[in-house]
Every structure is written in structure tokens, then in C-alpha cells.
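Take a look at the structure below.
The values are calculated or read from the model by the stated rules, or taken from the named source; none is laboratory data. As the structure is a computational prediction, the values presented were derived from the model and not from experiment. Every residue, glycine as well, gets a Cβ built from its backbone with ideal geometry; the counts of neighbours run over all protein chains shown. Heavy atoms of the whole protein, side chains included, go into the accessibility calculation; ligands, DNA and RNA do not. Shrake-Rupley method; radii C 1.70, N 1.55, O 1.52, S 1.80 Å.
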Amino acid sequence: ILRDTGAAISPFNAWILLQGVESLPLRIERHVDNALRVVDYLSRHPKVKSVSHPALPSHKDHALYEKYFPQGGGSIFTFEIDGTQEDANVADVKSLVIHPYTTTHSQMSPEELAEQHITPSTVRLSIGVEHIDDIIADLDQAFAQL
């Protein structure tokens, strides 16, 4: 088989790869659970104007979300703070928090940003596997600075 497929990875690299594959379902489950709890937290926070996640009944794709992700899905989403561009750079935690208006999408025109629903107060979260209490505490301390 080696002749047909090329070089094989080292035993250590194979073991590391296997560890990642074996723990993937647990990690995804934790990502989804944490994201849904953060969505709930943000959707009730007085300093948050809106949350864009298809788990919310008000989201335009909610029916598709329920159909295709019955156990939940999507740990990356955005929300709008009730503030300004300066207020939107919330924090830097293991769960990634980014301000797309001034970073990942900063090269776009105002029209392109509007098409993507990115405003100066948009914050993008990529929820990780930390304990949910730590994620919420990080968000709380960031909101306290607004």
C-alpha cells in the first residue's frame, strides 16, 4: 500500500490525528451547547441590540436550522451592541471575539458591508470549549466597560 499511496505519517503524528478525530464529537457538542447558551445570554442583555443566530425563532433561517440541525449547530455568529464602533471591540478570549468592521472586512466598501449586515457595532463570536461560566464572565466584564 505504501507504494500506491506515498509516504506514511509518523506514528506520533498518527496518534495526534487520532486523538483529534476521536474527541471531535465531544468538542462539537460543547461548541454547540456553549454557543446556544451565549446566544440566550446575549439575546436578553440590555447592552445588545440584536443577535444573529439561526437558533433564534426571529432569525430568517430558523426553520432551516431546525430542519437540518435538530441537535443544534453553528458556534460562530454575530451580534450588535447598543453602542458605537469604539465600544464593539469586546475582548480577546479563547472563544474568539472579533470586530469584523475594522479587521476581517475592513477592505469592503460601505455598500458591501451593508450587504453582509456588518455595521460598526457588529461583533463576531466563535464560541469555544471553555466552561460556559468563564465565557459568560468574560462577556460580562467586557459589557461592564461599555
For the Cα atoms of the chain, what angle does the longest principal axis make with the long axis of helix 11-43, in degrees from 0 to 90, nearest 10? 20 degrees
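Give the accessible surface of segment 14-125 per residue, rounded to a whole number of Å², with probe radius 1.4 Å and ligands, DNA and RNA excluded.
On the way: 7190 Å² over 112 residues.
Heavy-atom SASA per residue in segment 14-125 reads 64 Å².
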Check which residues have an amide H placed less than 5 Å from Lys49's amide H, if you skip close sequence neighbours. Glu80, Ile81, Asp82
Only Cα pairs within less than 10 Å get springs; with that Gaussian network setup on the chain, which residue of Ala63, Ala35, Ala14 has the largest fluctuation? Ala14
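At 0.36 nm per residue, and after removing the present C-alpha to C-alpha distance, how many nm does the segment from Ile136 to Val21 gain when stretched out fully?
38.6 nm
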Spelling out what I want: for every residue of segment 98-107, take phi, set θ = phi - 60°, compute 6.51 cos²θ - 1.76 cosθ + 1.60 (Karplus), and round to whole Hz; glycine and proline get x. 9, 9, x, 4, 10, 10, 4, 10, 5, 8
Calc'd 3J(HN,Hα), segment 111-121, phi into Karplus 6.51 cos²θ - 1.76 cosθ + 1.60 (θ = phi - 60°), Hz, glycine/Pro = x, comes to 5, 5, 4, 5, 4, 8, 6, 10, 10, x, 9
For Rg/Rh (Cα atoms, Kirkwood Rh) the list reads (i) 0.97; (ii) 1.09; (iii) 0.93; the calculated value is entry (ii)
Restricting to lysines and to Cα separations under 23 Å from Lys47, and discarding same-chain partners fewer than 8 apart, the set is Lys60, Lys94
Out of the total accessible area of the chain (probe 1.4 Å, heavy atoms of protein only), what percent is carbon and sulfur? 56 percent
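R0 = 41 Å: FRET efficiency of Ser10 with Gln145, Cβ-based, nearest 0.05? Please list the in-between numbers first.
Values: r = 47 Å, r/R0 = 1.14.
The value I calculate is 0.30.
Just from its helices, what would the mean residue ellipticity at 222 nm be for the chain, if runs of 4 or more DSSP H residues each count -39500 (n - 2.57) and the sum is divided by every residue, rounded to the nearest 500 deg cm²/dmol? Before the final figure, lay out each step's value.
Working: 5 runs with 63 residues, N = 146.
My calculation for the chain gives -13500 deg cm²/dmol from helical runs alone.
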